Amino acid sequence: MVGFAQDFAAKELSGRHVLLGVSGGIAAYKAAALARELVKGGATVQVVLTPGATQFVGAATFAGLTGRPAHTGIFDEAHAIHHVRLAREADIAVFAPATANLIAKFAAGLADDLVSSTFTCLTCPVVVAPAMHTEMWSHTATQDNIATLARRGVLVVGPDEGELAGGDVGPGRLVDPATIVAAMAAALRPSRPLAGQRVVVTAGGTREPIDPVRYIGNRSSGKMGYALAAECSRRGARVELVSGPTWLPEPAGVSTHSVETALQMRDAVLELAVDADVVIKAAAVADFRPTVYHRQKIRKEHLELGSVELERNPDILAELGADRRRRQSEGAIPGPAPLLVGFAAETDLEEERGRDKLHRKGMDLIVVNRVDMADAGFNVDTNRALLLGADGLRAEVGLTTKAELAGVVCDQIEALLVQRQQS
Ligand code: C5P
């Protein structure tokens, strides 16, 4: 079970009328957790079920969780034109899990049960969270139907890649409830909170020179940071990208500052952070640098094995965190410090270490991501992550593209910005 008791995205839905449509996949049981979190956040949740969904979770479970009857039959209250009323009442509708069949019905405009009939009457924002076996998800018909829905303005979240029913592994798993809630909150906001915000993003790895030829570096490609810079810019933020050496094209509308060493990155970030609203530190900063830089190339016959002496680089993020604590204790002078989002490149998604790092460095949000897998980490276009927030947020993001992960991270940042504006 996902615990995100203090997720501000859930609180943003407080007082909203949510229509939750559940269709017949094994992930239907997770819709109960979603319903519970929405209710806990203060939303009114009206559940509608396909007949298939009731094979997995009964209407009584949802009625118990939401305090309202969960409807299945289109003729339950025929006199009241049930589906029209349910659609009119909704401020937002979410369909989770959405099976291939339900998605096909939505795309085709079929209305042969309560869920699909209600969908055809909706005028509010709609979020669809698909879940199905990989083969069904990959089928051209499903992909075409999803593209049709997205083109019509439906917000599609997921699916994740991971373990599926029957022991299979692949894309098709319902995304984490925290991710669905964040997408819903984002869909409901009248304006995008990142619009006009000053965002500093760091990306790539640093290089610590030994001599004019050699350096100590790491395998970071910069792809995650560039995806974040592009997504923030797409959402209307004014983005300053501080980048280590990469081969990536500059994202549109972003102002890029090229640096090479950790010390250069520190200077650039600290200067830009002074009037930033958000700092996202996706760069893999070298922890150590050679104590001495040799202006001439060291001849290999003079380079003894193990003779390059190292010293520790400053931790830029920890410095920003400490500066923020100081500013807060001084009454937010000279202005509110930026939101701090850090990354942790790990060879596992160890939660305790992530939380420790989050608190130690004074971050608001940490994205713990895998760097040791063929499909996650350095120099690939996909990633897996665990998002942990200082507010208690916990959201697992299964295998997904770095562009999509950037969207999930930006949704959470926007939820934090809204929360900060309200406090
Ligand atoms: O402790 P660790 O290196 O795993 O922390 C990773 C996070 O800290 C990343 O967000 C990275 O950009 C930041 N960091 C930093 N300065 C360093 C080392 C890491 O800002 N010297």
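The values are calculated or read from the model by the stated rules, or taken from the named source; none is laboratory data. Here the structure is a predicted model, which means the values were calculated and not measured. Glycine also receives a Cβ, built like all others from the backbone with ideal geometry; neighbour counts cover every protein chain displayed. All accessible areas refer to the heavy atoms of the entire protein, side chains included, with ligands and DNA or RNA removed. Shrake-Rupley method; radii C 1.70, N 1.55, O 1.52, S 1.80 Å.
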How many Å² of accessible area per residue for the stretch 198-422, probe 1.4 Å? 48 Å²
Could you tell me what fraction of 2.2 N^0.38 Å the Cα radius of gyration of the stretch 2-188 comes to, as a two-decimal ratio? 0.94
Any idea what % of Cα-Cα pairs in the stretch 252-382 are farther than 21 Å? 55 percent
Once the in-chain neighbours fewer than 8 apart are removed, the lysines whose Cα is under 20 Å from Lys223 read Lys281, Lys402
So with the 1.4 Å probe, I'd like the accessible area per residue for the stretch 2-188, rounded to whole Å². 39 Å²
Straight-line reach from Lys40: which lysines fall under 16 Å, measuring Cα to Cα and dropping same-chain residues less than 8 apart? Lys11, Lys30
From the backbone phi of the stretch 294-302, what are the Karplus-calculated ³J(HN,Hα) couplings (6.51 cos²θ - 1.76 cosθ + 1.60, θ = phi - 60°) in whole Hz, Gly and Pro given as x? 8, 5, 9, 4, 6, 5, 5, 6, 8
Put +1 on the Cβ of each Lys and Arg and -1 on the Cβ of each Asp and Glu in the stretch 198-422; which of Ser258, Leu365, Gly354 then has its Cα farthest toward the positive end of the dipole? Ser258
Accessible surface of the stretch 98-201, 1.4 Å probe, proportion on carbon and sulfur as whole %: 53 percent
Span-like helix ranges in the chain, DSSP H, alpha carbon extent 15 angstrom or more, Kyte mean at least 0.5: 177-188, 262-273
Using helices alone, I'd like the mean residue ellipticity at 222 nm for the chain: each DSSP H run of four-plus residues gives -39500 (n - 2.57), total over residue count, nearest 500. -10500 deg cm²/dmol
Average silhouette area of the stretch 198-422, convex hull of alpha-carbon atoms, in square nanometres: 13.2 nm²
Relative contact order (%) - criterion: Cα under 8 Å, at least six apart; region: the stretch 2-188: 22 percent
In square angstrom, rounded to the nearest 10, how much accessible surface does Asp277 have for a 1.4 Å probe? 40 Å²
Do any trypsin sites (Lys or Arg not before Pro) in the stretch 60-153 lie in a loop, going by DSSP, with at most 10 other beta-carbon atoms within 10 Å of their beta carbon, and if so which? Arg152
With a 1.4 Å probe and every protein chain left in place, tell me how much accessible area Thr347 has, in Å² to the nearest 10. 90 Å²
Which value, in debye to the nearest 20, describes the size of the charge dipole of the chain about its Cα centre when Lys and Arg Cβ atoms bear +1, Asp and Glu Cβ atoms bear -1, and nothing else is charged? 760 debye
Expressed as a fraction of 2.2 N^0.38 Å, the rule-of-thumb size for a compact globular protein of N residues, what is the C-alpha radius of gyration of the chain? 1.09
With all protein chains present and a 1.4 Å probe, how do Trp137, Trp247 order by accessible area, largest first? Trp247, Trp137
